[in-house]
Each structure stands twice: as C-alpha cells, then as structure tokens.
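First comes the structure, then the notes that go with it.
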Amino acid sequence: MPHEPGSHPATPPISFADHTRIEAALANLELSVRRRLDGLLQGNHLGLVPGPGSEPGEARPYYPGDDVRRMDWSVTARTTEAHIRQTVADRELETWIVADVSASLDFGTALCEKRDLVIAAAAAIAHLTQGGGNRLGAVISSGAGLRRIPARGGRPHIQYLLRALAEMPRAEPGAAGRGERGDLAEALEQLRRPPRRRGLAVVISDFVGEVDWARSLRALNSRHDLLAVEVLDPRDLDLPDMGVVTLFDPETGRQRDVATTARLRREFAAKSAQHRAEVAAAIRRAGGAQLTLRTDRDWISDVLRFVIGRKRGWTGAAPIGAAPATAGEAW
C-alpha cells in the first residue's frame with residue numbers, strides 16, 4: 001500500500017550545483033524517491049490503448065476470416081490483391097521527458113533551485129515508469145542548445161540520463177542577448193518530429209516568458225499522453241517588502257534597481273497570477289495534466305498527491321474538480 005502524503009518526514013533539500021558531488025546527490029535523490037514512491041503504481045500499469053494494438057505494422061494478404069475493417073486499401077490498389085494492415089500491440093511504455101534547464105531555472109530562494117527540482121521531477125518520472133520493458137528518453141533544452149538522449153530501458157540508462165541532466169552546463173548571464181536562450185517550443189518540435197510510437201510525454205519547465213510553445217504542445221497531444229510539470233519558486237509569485245533591491249534577469253543579463261513598494265508588489269503579483277493562468281489554460285487546451293512543484297514545499301508529497309489522484313481516476317473515483325483519467329493513460 002502506498003503511504004499517504006505526510007506520513008514520511010519532509011524530503012531533504014537537494015542541490016546539484018557542486019559537480020564534484022553530483023554522484024552523491026543523485027544517490028540521495030534515488031533513495032528518497034524509491035523510499036516514498038515504491039509500489040505506488042503496482043497493479044495499475046495499463047496498456048496505452050486496450051485491444052489488439054494501435055501502432056501500424058506490416059501489410060499482409062487478406063485471408064478469409066480477417067477483420068475487413070483492417071483492410072489496407074492503398075496496398076490493395078497497388079497490388080490488385082486484398083491486403084490487411086497488421087497492428088503492433090502497445091505492451092511497453094515509451095516515455096519522453098522534455099527538460100528545460102535554461103537560465104531562468106538557475107534560481108531559488110527556498111529549499112533548492114528550480115533547476116534542482118527539474119532533475120528531481122525527472123527522477124520521479126523515471127522511477128514511476130521503469131520496468132516491464134519500458135523505455136525512457138529525454139530532450140534537454142538549455143541556452144547552449146538541445147541535447148537528445150535516446151529512449152532505452154534499464155536502471156543504468158536512467159542513471160546516465162539523470163547524470164547528463166545534472167551535468168548540463170549553466171547558461172552564462174546575458175546568453176539570451178547572444179541568441180543562446182533556451183527554446184521550449186523547439187524542444188517540443190524535436191520530440192514531435194519525426195513521429196514516435198504512442199507514449200507518454202512529460203514537459204518539465206517553469207514556463208517563464210511568452211506562451212509560444214502552446215501550438216507545439218497541442219500537436220504533441222495527437223500521439224502522446226501529456227503531463228506538464230510546472231516548477232516554481234515563491235519569488236516567481238510575489239515580492240516581499242525589502243526596500244530597494246537589484247533585480248537581475250539571468251536570460252538577458254539586464255539589471256535594475258527597484259523599490260518594492262506596495263503598488264509594485266501588487267502589480268507583480270497580479271502579472272504573475274495572470275501568466276500562471278495563461279500557462280494553465282494552454283496546458284488544459286492541449287489536453288495535458290498539470291503538476292506544480294515548488295522550491296518551498298515537499299515535492300515528493302506533491303507528486304504523491306498527484307499520482308494518487310490519477311489512480312482514483314482509473315477507478316472512476318476522481319478527486320473533486322478533476323476529470324477521470326481515460327483508459328489510454330499510462331499512469
């Protein structure tokens with residue numbers, strides 16, 4: 001039986017800033033994830049699409065008794081002989097993670113940086129979807145460009161993927177002015193083309209900036225179940241009363257001294273709430289589920305609550321305000 005959120009002590013802070021201690025940080029992260037998420041999905045691993053399969057396979061000649069609804073008319077027309085299209089059963093889950101580690105993620109004022117939460121979320125996804133011949137791949141977006149890690153199975157591959165994500169170099173301040181800004185829309189397009197077998201796509205980002213990725217996310221939903229993991233810091237939502245402070249934009253390198261007056265704090269909170277609503281609406285229109293992780297909260301408890309809510313959806317007992325999960329959802 002899975003533990004309810006709050007039955008374990010809070011997850012210890014995580015940090016991958018020191019590259020000489022990445023192996024130790026990853027080992028501690030794995031222990032935390034395994035201790036609190038082990039067995040959470042046992043008995044609930046469903047095929048992506050029930051039935052004989054959904055992936056197109058090879059064509060073969062028609063034999064009496066075959067299902068005529070599987071007739072491949074294009075091959076039949078070319079060969080003048082009746083053919084049917086075979087399908088490949090969806091018995092294995094292929095999960096792709098789109099991880100955003102651009103400069104805006106190199107920030108945190110609470111238990112960790114947002115970048116650390118990206119790695120932690122990827123570790124949780126890897127643990128929840130591993131086993132049974134499942135495969136995991138990643139597209140990592142940073143100011144230095146995109147890195148693609150092919151989808152493979154097994155614990156050594158998961159460790160390699162998480163290590164590669166943790167070791168991604170940080171963008172230099174002002175990299176966006178030199179055209180080195182992370183592009184989430186481009187990363188989504190890289191995942192969509194060429195088309196891949198139906199699976200689960202997980203997008204992990206703070207979604208800061210223009211919502212220019214919405215169209216790519218909707219297009220991705222045509223073949224994949226979608227999960228968007230939004231990573232936030234308290235200072236993304238509001239500003240404290242700190243007098244005169246220097247604000248620094250890591251993407252562009254620009255700095256500005258501002259007085260945190262009551263009016264400024266109200267306007268900042270209103271703009272932030274508006275942007276968060278736009279992000280949530282774009283994810284909802286794309287047909288994706290949304291999980292929010294914060295640097296000032298126990299992120300594993302948030303993952304637990306989310307997954308337990310999805311499990312209730314499988315049985316028809318969805319939490320209040322949430323729609324039941326469809327039969328094709330992987331987890």
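The values are calculated or read from the model by the stated rules, or taken from the named source; none is laboratory data. No experiment lies behind these values; they were computed from the predicted model shown. Here the Cβ positions follow ideal geometry from the backbone for every residue, glycine too, while neighbour counts run over all protein chains shown.
Suppose we filter Glu186, Glu172, Glu180 for residues that are assigned to a helix (DSSP H, G or I), among the acidic types (Asp, Glu) and either modelled with pLDDT of 85 or more or assigned by TED's automatic domain parsing to the domain that holds Ser104 (or both); which single one remains?
Values: Glu172 fails: assigned to a helix (DSSP H, G or I); Glu180 fails: assigned to a helix (DSSP H, G or I).
After ruling out the rest, the residue left standing is Glu186.
Counting residues that are over 22 Å from Leu146 (Cβ atoms), which helices (runs of 4 or more DSSP H) fully inside segment 190-296 reach at least 1?
On the way: elements: 214-220, 234-237, 262-285.
So the answer is 234-237, 262-285.
Can you tell me which of Asp238, Asp225, Asp257 is over 25 Å from Gly199 (Cα atoms), touching a residue at least 24 places away in the same chain (Cβ under 8 Å), among the acidic types (Asp, Glu) and in the same structural domain as Ala126 (by TED's automatic domain parsing)?
Values: Asp225 fails: over 25 Å from Gly199 (Cα atoms); Asp257 fails: touching a residue at least 24 places away in the same chain (Cβ under 8 Å).
Of Asp238, Asp225, Asp257, the one residue that is over 25 Å from Gly199 (Cα atoms), touching a residue at least 24 places away in the same chain (Cβ under 8 Å), among the acidic types (Asp, Glu) and in the same structural domain as Ala126 (by TED's automatic domain parsing) is Asp238.
Just the residues that are surrounded by fewer than 15 Cβ atoms within 10 Å (Cβ to Cβ) and of a type in the set (Ser, Thr, Tyr), please, taken from segment 62-114.
Hits for segment 62-114 are Tyr63, Ser74, Thr79, Thr80, Thr109.
Does Ser74 qualify as being assigned by TED's automatic domain parsing to the domain that holds Ala124 and modelled with pLDDT of 75 or more? Spell out how you get there, then give the answer.
Numbers: assigned by TED's automatic domain parsing to the domain that holds Ala124: no; modelled with pLDDT of 75 or more: yes.
Answer is no for this residue.
Among (1) surrounded by fewer than 16 Cβ atoms within 10 Å (Cβ to Cβ); (2) modelled with pLDDT of 90 or more; (3) touching a Ser or Thr at 6+ places or on another chain (Cβ under 9 Å), there is one condition Pro150 misses while meeting the rest; what is its number?
Answer for Pro150: the failing condition is (3).
Here are some residues: Gly133, Gly137. Which one is surrounded by fewer than 24 Cβ atoms within 10 Å (Cβ to Cβ), assigned to a loop (DSSP other than H, G, I, E, B) and in contact (Cβ under 8 Å) with a residue 40 or more places away in the chain? Lay out the reasoning, then the answer.
Working: Gly137 fails: assigned to a loop (DSSP other than H, G, I, E, B).
So the residue among Gly133, Gly137 that is surrounded by fewer than 24 Cβ atoms within 10 Å (Cβ to Cβ), assigned to a loop (DSSP other than H, G, I, E, B) and in contact (Cβ under 8 Å) with a residue 40 or more places away in the chain is Gly133.
Return yes when Ala24 is within 23 Å of Leu293 (Cβ to Cβ) and modelled with pLDDT of 75 or more and no when it is not. Quick ask: steps written out before the conclusion?
Details: within 23 Å of Leu293 (Cβ to Cβ): yes; modelled with pLDDT of 75 or more: yes.
It is true that Ala24 is within 23 Å of Leu293 (Cβ to Cβ) and modelled with pLDDT of 75 or more.
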